[in-house]
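A short write-up of the structure that comes next.
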Amino acid sequence: HSVKYVGHFEGPARSSCLTYVKENDTLYVVNQTKGAGRNAWETGSTIWACKVDHETGMLTEIDRVPTMGGNPEAMSQIPGRKQVVLACTGGNDHVEKIVQTNDGTWTTMYEYDDGAISMVALNDDGTFGKVLDVKFHKEHGPDPSSSVQHNGRCQITGHPHCATVDPTGTFLVSGDKGSDKVYVYRIYDEKLELESVRWIGDTCGGR
């Protein structure tokens, strides 16, 4: 089969991942960025649902919702089910907070984006249902700097970078760049349960 250009779809600016779900004949696209300012709904971290015209090859958007977390990195369908799972890696930027401790002294703390795996239901018509479950990745790895501030510190918190489901739809595997670990979740009807976590060495630290 040959490949032919048929047109351009004005979709997400950073459509880093595509997933086609045969059960509802819909293509799902993530926008790998973060919300910012008054235009966050259009430009922020979202997942789009698009119907496919099989005669023309063109796409039509039918729904759009925010993802659970910034910078959605990966997405997979659970085989045979109208459900998708997403990995949102968050980011390295921090928010500086001034807090008072229990003894009355003042200090500064830094808060970072949540890295998370989410499970989202899909409706029969291809639109989005409810968010079924969210799992946070809080662990972090041996960052090359002891600074808690953002200077390219990619391991200050969890950063899940994939959401891969095995062919039987039993397990979800997610590699985490922030902790140098692989997380394995068991998939139930509407929830995820952590099955195991394994450290894979300093493969991601500082990069």
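Miscellaneous remarks
Residue by residue, here is whether (1) modelled with pLDDT under 90; (2) farther than 27 Å from Asp125 by Cβ; (3) in a strand (DSSP E or B); (4) more than 17 Å from the chain's Cα centre (by Cα) holds:
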residue: Trp41; (1), (2), (3), (4): yes, no, no, no
residue: Cys50; (1), (2), (3), (4): no, no, yes, yes
residue: Ile62; (1), (2), (3), (4): no, no, yes, yes
residue: Gly69; (1), (2), (3), (4): yes, no, no, no
residue: Arg81; (1), (2), (3), (4): no, no, no, yes
residue: Val85; (1), (2), (3), (4): no, no, yes, no
residue: Gly90; (1), (2), (3), (4): yes, yes, no, no
residue: Glu96; (1), (2), (3), (4): yes, yes, yes, yes
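- Of all the listed residues (Lys135, Lys177), the sole one being at pLDDT 90 or above, among the basic types (Lys, Arg) and either over 21 Å from Ser196 (Cβ atoms) or crowded, with 20+ Cβ neighbours inside 10 Å (or both) is Lys135.
- Subset of the range 44-68 (residues that are in contact with a Lys or Arg (Cβ under 9 Å, 6 or more places away or on another chain) and either touching a residue at least 24 places away in the same chain (Cβ under 8 Å) or closer than 13 Å to Val30 by Cβ (or both)): Gly44, Ser45, Thr46, Ile47, Trp48, Ala49, Gly57, Leu59, Glu61, Ile62
- Against the conditions (1) at pLDDT 80 or above; (2) open to solvent by 60 Å² or more (accessible area, probe 1.4 Å), Gly37 satisfies every one except (1).
- One residue from Val29, Val3 being of a type in the set (Val, Ile, Thr) and open to solvent by 60 Å² or more (accessible area, probe 1.4 Å): Val3
- Search result, residues across the range 164-179 that are acidic (Asp, Glu) and under 17 Å from the mean Cα position of the chain (by Cα): Asp176
The values are calculated or read from the model by the stated rules, or taken from the named source; none is laboratory data. Model, not experiment: these values are computed from the prediction. Here Cβ is always computed from backbone atoms with ideal geometry, including for glycine, and neighbour counts include all displayed protein chains. Calculation scope for accessible area: heavy atoms of the full protein, side chains included, ligands and nucleic acids excluded. Shrake-Rupley method; radii C 1.70, N 1.55, O 1.52, S 1.80 Å.
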